[in-house]
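I have placed the structure first, in the form of structure tokens, so that the comments after it can refer back to it.
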Amino acid sequence: MGLTKKILIALVAGVIVGVGLSYIPTNIFSAVNTYVLDPVGQIFINLIMMLVVPIVFVSIVLGTAGLGEPAKLGKIGIQTISFFLVTTAIALTIGIGLAFLLEPGQPGVFNTDTLEYEEQSAPPIMETIINIIPDNPISSMASGDMLQIIAFAIFIGIGLAFLGEKTDGIHRLFEQANELFMWLIQSIMKTAPYGAFALIASAIGEAGLSGIGPMAMYMITVILGLVLHAAITYSAAIWGIGKANPLKFFKAFFPAMSVGFSTSSSNATLPVSMKVAQENLGVKKEISSFVQPLGATINMDGTAIMQAVATVFIAQVYAETLGFADIIMIILTATLASIGTAGVPGVGLIMLAMVLNAVGLPVEGIGLIIGVDRILDMLRTSLNITGDAACAFIISERERRKELKAENA
Ligand code: ASP
């Protein structure tokens, strides 16, 4: 049986077993979780996580060196950032539109008197920008600070491109290291069905379905937003700009989406999503290695959709009216909030406080949605990494067409 089929079965089995587990006595569930599901899931996550920093570093160095001139990197950078910003703005519009249309937060249904949520502070934006250049690259790698690792790798890559033959040895070392890491990730992917099953069963077993009740409409609105964004925005871009069949794209990228779903972490999924994009979708290595790590860090359309729906939902619950200016404010701050969201589980919810503050809504409202966020996190992470891959794929296809044209000419 092929890997994709195995993963698909693991996903379905994970959901069914997870729902079943949520109904058994808590002490039995906790024993099964502690001694079976959690260790299997965590070992799988650690196996991929151990390769995140090496793969990102090595492949960005190679990618930058492979592009040759920094000007080309700049061009790809502009295309990438434009794609990220435009798709995030569309995602937010879809989220806000659906939340207005479906009104998941009917007032009077929810009790807001006892809600509590302790806000956590986000780092100031200027500090984040200055810190993109690391003062100590070793410590950036040790702490897994993705933007700093990306910056350092770009510098090394540009250096290699300039020095050419003089640094041939180091260049080859990076190429061989890349081969090695890709082989390792391919081997680790063989355990994905078991890891994904354990992670999903554990997450759903713990979250349970019983708390959904009045939150069902909120969840449906978010899920519909995620599906529409993939089916309309990404499909249109893949078809219109990438000149490719969107269905084939989603089918080929599915193994990575399933790992995003089970780990709820764009960062942890990165080695898998890069490998799948390069091998199943044929994305050029130098483009995939630049676009996808950057996307896993700053491009989160799924998170943006959740934040948009959640903001309108909380406004509806507290019977606050949102005017046109508020909606523009939501789009602006949620774009920043989704950029600032780290690719790890649950951070999208923490960053939501920033959006709520900007439009003067009570941050305690987050207390309402926190219970069902675990399951939505799985789904939005899948979309988050799909957006990065779609961007890489489209840019790569455009480059390929340009090269072909130049060759023909
Ligand atoms: N878990 C998401 C991700 O890693 C981020 C979030 O929305 O919490 O992409």
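The values are calculated or read from the model by the stated rules, or taken from the named source; none is laboratory data. Worth saying up front: this structure is predicted, and the values here are computed from it rather than measured. As a convention, Cβ positions derive from the backbone with ideal geometry for all residues, glycine included, and neighbour counts pool all protein chains shown.
Tabulated data
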quantity: Yes/no for residue 296 being of a type in the set (Gly, Ala, Ser), within 10 Å of the ligand (Cβ to nearest atom) and at pLDDT below 95; calculated: yes
quantity: Conditions (1) closer than 16 Å to residue 62 by Cα; (2) modelled with pLDDT under 95; (3) surrounded by 18 or more Cβ atoms within 10 Å (Cβ to Cβ); number of the one not met by residue 165; calculated: (3)
quantity: Where residue 264 falls short, out of the listed (1) of a type outside the set (Val, Ile, Thr); (2) on the phi > 0 side of the Ramachandran plot; (3) more than 16 Å from the ligand (Cβ to nearest atom); calculated: (3)
quantity: Verdict on residue 240 being free of Cβ contacts under 8 Å to residues at least 12 places away in the same chain and on the phi > 0 side of the Ramachandran plot; calculated: no
quantity: Wholly within the stretch 313-377, helices (runs of 4 or more DSSP H) carrying at least 1 residues that are in contact (Cβ under 8 Å) with a residue 60 or more places away in the chain, within 15 Å of the ligand (Cβ to nearest atom) and of a type outside the set (A, V, I, L, M, F, W, C); calculated: 324-340
quantity: In the stretch 1-38, residue nearest to residue 205 (Cα to Cα) [restricted to those that are part of a helix (DSSP H, G or I) and of a type in the set (Phe, Trp, Tyr)]; calculated: 29
quantity: Residue 256 more than 16 Å from the ligand (Cβ to nearest atom) and over 21 Å from residue 372 (Cβ atoms); calculated: no
quantity: Residue match in the stretch 90-101 (condition: surrounded by fewer than 17 Cβ atoms within 10 Å (Cβ to Cβ), farther than 30 Å from residue 317 by Cα and at pLDDT 90 or above); calculated: no
quantity: Residues that are more than 18 Å from the chain's Cα centre (by Cα) and not aliphatic (A, V, I, L, M), drawn from the stretch 227-250; calculated: 239, 240, 242, 243, 245, 246, 248
quantity: Boolean, residue 287 is away from the ligand (no atom under 14 Å from the Cβ), crowded, with 23+ Cβ neighbours inside 10 Å, assigned to a helix (DSSP H, G or I) and hydrophobic (A, V, I, L, M, F, W, C); calculated: yes
quantity: Any chance residue 317 is in contact with a helix residue (DSSP H, G or I) (Cβ under 8 Å, 6 or more places away or on another chain), surrounded by fewer than 24 Cβ atoms within 10 Å (Cβ to Cβ) and modelled with pLDDT under 95; calculated: no
quantity: Search result, residues across the stretch 370-406 that are closer than 25 Å to residue 77 by Cβ and surrounded by fewer than 21 Cβ atoms within 10 Å (Cβ to Cβ); calculated: 397, 398, 399, 400, 401, 402, 403, 404, 405, 406
quantity: Check on residue 230, within 16 Å of the ligand (Cβ to nearest atom), of a type in the set (Gly, Ala, Ser) and more than 21 Å from residue 88 (Cα to Cα); calculated: no
quantity: Test for residue 256: is it closer than 19 Å to residue 52 by Cα and under 17 Å from the mean Cα position of the chain (by Cα); calculated: yes
quantity: Condition check for residue 156: at pLDDT 90 or above, over 22 Å from the mean Cα position of the chain (by Cα), within 30 Å of residue 46 (Cβ to Cβ) and buried (at least 17 other Cβ atoms within 10 Å of the Cβ); calculated: yes
quantity: Residue 198 vs. criteria among the hydrophobic types (A, V, I, L, M, F, W, C), outside any helix (DSSP H, G or I) and touching a residue at least 12 places away in the same chain (Cβ under 8 Å); calculated: no
quantity: Subset of the stretch 234-248 (residues that are under 28 Å from residue 347 (Cα atoms) and either in a loop (DSSP other than H, G, I, E, B) or among the hydrophobic types (A, V, I, L, M, F, W, C) (or both)); calculated: 237
quantity: Given (1) in contact with a helix residue (DSSP H, G or I) (Cβ under 6 Å, 6 or more places away or on another chain); (2) within 16 Å of the ligand (Cβ to nearest atom), number of the condition residue 249 does not satisfy; calculated: (2)
